[in-house]
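Colleague: First the structure, then my questions, so here it is.
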Amino acid sequence: MSDPIPPTIEWQDGSVRLIDQRRLPDELAILECRSVGELCEAIRTMAVRGAPALGAAGAMGVALASVTGEPVEDAARRLKATRPTAINLAWGVDRTLAASDPVAEAQRIAAEDVACNRQLGAHGAELLPHGSRVLTHCNAGSLACVGYGTALGVIRAAHEQGRGPSVWVDETRPVLQGARLTAWELSRLGIPFRLVADAMAAGLMAAGEVDAIVVGADRIAANGDVANKVGTYGLAVLAQHHNIPFYVAAPVSTLDRETPTGDDIPVERRAADELAELAGRRIAPAGTEVENRAFDVTPAELVTAYVTEEGVVSRPGDLPI
Ligand code: MRU
């Protein structure tokens, strides 16, 4: 059966074709990038986003440079500078730089992503008892990868196995990846969900209506600390208070052995407008100073288990890092 969600990013005839996520859920539009500059702009403006998708984008950026004749080392530097937190971006760039055939390597990375996520999903689904009400944050679905998804891959695998999960979808202020993207994916997949305001998570947990939390990751430091979409740390603290398992689902390419702890992970600061405006309309008084950190770091001790394509581990020391 064909996937109800098309690939997020593809190499086709010397260009990179990606789903323009800025236009979802209104329109499923494809953006074609024919130069490294166009691809960097697509990454910066979040036409393509999510750690594993950024890994594939980085790889395809190097492949693009190799066919357009742009200086490859310079392309690699520009691609890596677009977004600092997700380690997959640098991983995809470096792996492709080191390959003798960058185009083939970028396509291999894209294909491996989907296979990895299916494996990861199958491992993670075992953690969800029948009828679990699962809360997720941001979008760690097919759109955040090349296909299938990580945190949503776990939920999707549970659904495919007949475990009947249902999902609480955090809207995920300020860019609304939950409301716009996760809700779109779950509707296409026919998985029951309800959209909630981020601030509702605490009340839902207190009411006993959350059985598990599953999130993705942008980078997992060597000690197991996890950088993910801002708001994830708060959910992990709440989960501990309410005795709810908190799972992190990510491919091995998100593990960063070069970064010792979460304190060493660079946290992206994004434009003030993302917070000061809503749907293009200013909501904060003119001149309001804004702090817009796109990610936060959850300490390893709050993570119940990590799910990778290699299996489930509860101790960070057991991660295949
Ligand atoms: O700013 P974004 O939308 O790129 O942030 C995405 C996330 O935080 C995801 O949870 C993470 O990249 C994992 S995606 C499988």
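Values in this text are rule-based calculations from the coordinates and carry no lab data. From a predicted model like this one, the values you see are computed outputs, not experimental measurements. Heads up, the Cβs are rebuilt from the backbone with ideal geometry, glycines too, and the neighbour counts pull from every protein chain shown.
Colleague: Give me the net charge for the shell around ALA199: Cβ to Cβ below 10 angstrom, other residues only, Lys and Arg +1, Asp and Glu -1.
Modeller: So the environment of ALA199 carries a net charge of -2.
Colleague: Let me ask something else. I need the peptides 152-160, 8-16 ranked by packing, meaning the mean over residues of other C-beta atoms within 10 angstrom, with the highest value on top.
Modeller: The peptides rank, most packed first, as 152-160, 8-16.
Colleague: Enumerate the calculated ³J(HN,Hα) couplings along segment 162-178 in order (Karplus 6.51 cos²θ - 1.76 cosθ + 1.60, θ = phi - 60°), each rounded to whole Hz, writing x wherever the residue is Gly or Pro.
Modeller: So the J values, rounded to whole Hz, are x, 7, x, x, 10, 10, 8, 9, 5, 4, 6, 5, x, 8, 6, 4, x.
Colleague: Label-point separation (nm) for ASP318 and ASP264, each offset 7 Å from Cα along Cα-to-Cβ?
Modeller: 2.4
Colleague: Considering just Cα atoms, how many Å³ per residue does the convex hull of segment 63-120 enclose?
Modeller: Considering the Cα atoms of segment 63-120, their hull volume per residue is 81 Å³.
Colleague: Which FRET efficiency, nearest 0.05, do GLN12 and GLU38 yield, Cβ-Cβ r, R0 22 Å?
Modeller: 0.95
Colleague: Could you list LEU278, LEU186, LEU39, LEU24 in order of exposure, starting from the residue whose Cβ has the fewest other Cβ atoms within 10 Å?
Modeller: The fewest-first ordering by Cβ neighbours comes to LEU278, LEU24, LEU186, LEU39.
Colleague: State the extension gain, in nm to one decimal, for the chain segment bounded by VAL252 and ASP26, taking 0.36 nm per residue of separation less the distance between their alpha-carbons.
Modeller: Full extension from VAL252 to ASP26 adds 78.1 nm.
Colleague: Only counting other Cβ atoms within 10 Å, I'd like THR254, THR304, THR150 sorted with the fewest neighbours first.
Modeller: Ordered by Cβ neighbours within 10 Å, fewest first: THR304, THR254, THR150.
Colleague: What does a probe at ALA115 reach in segment 305-321, counting residues whose amide N is under 18 Å from the point 7 Å along Cα→Cβ?
Modeller: So the set is 308-311.
Colleague: Quick one: Karplus J couplings for segment 90-107, per residue in order, coefficients 6.51, -1.76, 1.60, θ = phi - 60°, nearest Hz, x for Gly and Pro?
Modeller: 5, 4, x, 5, 5, 5, 6, 4, 7, 8, 6, 10, x, 5, 5, 5, 4, 5
Colleague: Once you have a ≥ b ≥ c as the square roots of the Cα gyration tensor eigenvalues for segment 71-178, tell me rounded if a/c is under 1.5, and otherwise prolate or oblate according to whether a/b is larger than b/c.
Modeller: Oblate, since a/c reaches 1.5 and b/c is not below a/b.
Colleague: For a quick check of your reading of the filter: which GluC sites (Glu not before Pro) in segment 27-88 sit in a DSSP loop and have no more than 15 other Cβ atoms within 10 Å?
Modeller: In loop regions of segment 27-88 (DSSP not H, G, I, E or B), the sparsely surrounded GluC sites (Glu not before Pro) are GLU27.
Colleague: Something else now. In segment 226-321, which chymotrypsin sites (Phe, Trp or Tyr not before Pro) are in a loop and have at most 13 other Cβ atoms within 10 Å, using DSSP for the loop call?
Modeller: Sparse-neighbourhood loop chymotrypsin sites (Phe, Trp or Tyr not before Pro): none present.
Colleague: Something else: Per 10 Å bin from zero, what fraction in whole % of the C-alpha pairs of segment 9-115 is there, up to the bin with the longest pair?
Modeller: P(r) for segment 9-115, in whole percents per bin: 17, 55, 26, 2, 0.
Colleague: Count the net charge of all other residues whose Cβ sits under 13 Å from the Cβ of ALA250, scoring Lys and Arg as +1 and Asp and Glu as -1.
Modeller: Result for the neighbourhood of ALA250: -4.
Colleague: How far apart, in nanometres, would the label points at THR288 and ARG77 be if each is projected 7 angstrom from Cα along the Cα-to-Cβ direction?
Modeller: Taking the simple label geometry, THR288 and ARG77 are separated by 3.9 nm.
Colleague: Moving to a separate point now. Largest first and in whole Å, what are the equivalent-ellipsoid semi-axes of the chain based on the Cα gyration tensor, each being the root of 5 times an eigenvalue?
Modeller: The three semi-axes for the chain are 29, 22, 20 Å.
Colleague: On to the next question. Near LEU28, within a Cβ-to-Cβ distance under 11 Å, what is the net charge of the other residues, with Lys and Arg +1 and Asp and Glu -1?
Modeller: -1
Colleague: Separate question: So, R0 is 22 Å and r is the distance between the beta-carbons of SER166 and ALA199; what FRET efficiency does that work out to, to 0.05?
Modeller: It comes to 0.60.
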